[in-house]
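Shown next, in structure tokens, is the structure this report addresses.
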Amino acid sequence: MTYEFQPAWLDEELTAYQQTVERFLDAEMVPNDESSRERGHVGHEIWRKAGKVGILCTDIPMEYGGGDGDFRHEAILHESMGHRGLTGMSPSVHSIVAHYFLNHGTEEQKRYYLPKLARGELVGAIAMSEPDAGSDLRGIRTRATLCDDKFKLNGSKTFITNGYLAEVVLVFARMDTPEDNGRFSVFIVEPKKHQGYSVGSRLKKIGLKAQDTSELFFQDINLSNKDILGGNSGQGLYQLMADLPYERLLIADMALGAMEGAYRTTVEYVRNRLVFGKPLIEKQNTRFILAEMVTTIKVARAFIDDCIKKILSGNLDTETASAAKLWMAQQQNLLIDNCVQLHGGYGFMDEYLVGRMFSDARVQRIYGGTDEIMKEIISRKL
């Protein structure tokens, strides 16, 4: 027996959904995780299967092909993946793409793209970061230049999650037009449809080995107003800022799932690992470290549940979401570091779950907004 950290909002319907998610992950993803890590991506087929079973875009309205649920359904998927150390498929980015369409797209864009994203027929990606523009998006050089009645998109992006498998990419670009000179727009680019799109090498990372992270290149891609998210140019920065609380809560929730999973596998390990003839868990130091983990996870669970309550009521502000992202990612790294220590040398082995979780955790403090950016946002109200 050990501690369980069930969310306060888990009712009968959500429990049934949780069981569906867990069955899918255990049958389709866990057995294939090692091969995905070796080739550097999960492949398109798992996205199709996930869409077929109904675990993608669960908080998108049914009229647009989604699951008609809410953020709790998304949380169940991301926490369940975190419990198992599954980081190859990135439904978080996929869901963020869907919410860009839902919140800012034209009616035509919503009805075309959202059902395909929900069915896993299109894998979504967001292209913001560039070699010289990460946290400072105002330094973006990718440009859309007006030529007659078309836009020509030129530039490059890096660190793009789902970039290798992406079938629809939301590209953040600076406008080079008389009306919107210097402002930003989000362009909808489909790799199979738009000539001039190319994928660079899949980047070699110290963690997230099963997740495809790529460079993207755009050379004279012809786009029209219909390819601008929402149909109106110059709205990109507003669209980005409006969706940040959702994105950062997803990352925070992923961190919680990973903490719970690391704790559970560590408890199992120290119960079975013999040191000087006795289980490691019988050592006072071991129990004290585990007690601190339990405390951290309980506080984290309460924080996340409060944020989920706020986002369901439409009251999750940017500062609170940023605080959740900051603290959860930091605690994830600290807690999993302790899990590695309790595993000893085995914790540094790639074949052990905590070893993979350790290397996967570090980027949580970087993507979606660095720790330093989160602190800047939080401190604005001081």
Legend entry - Condition check for residue 72: of a type in the set (Lys, Arg) and closer than 30 Å to residue 335 by Cβ: yes
Inset, instruction - State all residues of region 184-212 that are over 21 Å from residue 90 (Cβ atoms), surrounded by fewer than 16 Cβ atoms within 10 Å (Cβ to Cβ) and of a type outside the set (Gly, Ala, Ser); if no residue qualifies, say none. - result: 193, 195
Inset, instruction - Considering (1) under 21 Å from the mean Cα position of the chain (by Cα); (2) more than 23 Å from residue 37 (Cα to Cα), say which one residue 358 fails and leave the rest. - result: (2)
Legend entry - Total residues in region 113-145, condition more than 20 Å from residue 367 (Cβ to Cβ), touching a Lys or Arg at 6+ places or on another chain (Cβ under 8 Å) and not in a loop (DSSP other than H, G, I, E, B): 3
Legend entry - Residue pairs meeting the criteria (Cβ under 7 Å; at least 6 apart or on separate chains; first without any contact (Cβ under 8 Å) to a residue 60 or more places away in the chain, in region 230-242; second among the basic types (Lys, Arg) and outside any helix (DSSP H, G or I)): 234/183
Legend entry - Pair list, Cβ < 6 Å and 6+ apart or interchain, from region 81-108 residues that are over 19 Å from residue 166 (Cα atoms) to residues that are among the acidic types (Asp, Glu) and surrounded by fewer than 24 Cβ atoms within 10 Å (Cβ to Cβ): 83/260
Legend entry - Residue that is buried (at least 22 other Cβ atoms within 10 Å of the Cβ), in contact (Cβ under 8 Å) with a residue 40 or more places away in the chain and at negative phi, where the choices are 323, 300: 300
Legend entry - The listed residue being in a helix (DSSP H, G or I), crowded, with 21+ Cβ neighbours inside 10 Å and not assigned by TED's automatic domain parsing to the domain that holds residue 213, out of 89, 81: 81
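The values are calculated or read from the model by the stated rules, or taken from the named source; none is laboratory data. Quick caveat, the model's predicted, so the values are computed rather than measured. Methodologically, a virtual Cβ is constructed for each residue, glycine included, from the backbone with ideal geometry; neighbour enumeration extends over all protein chains shown.
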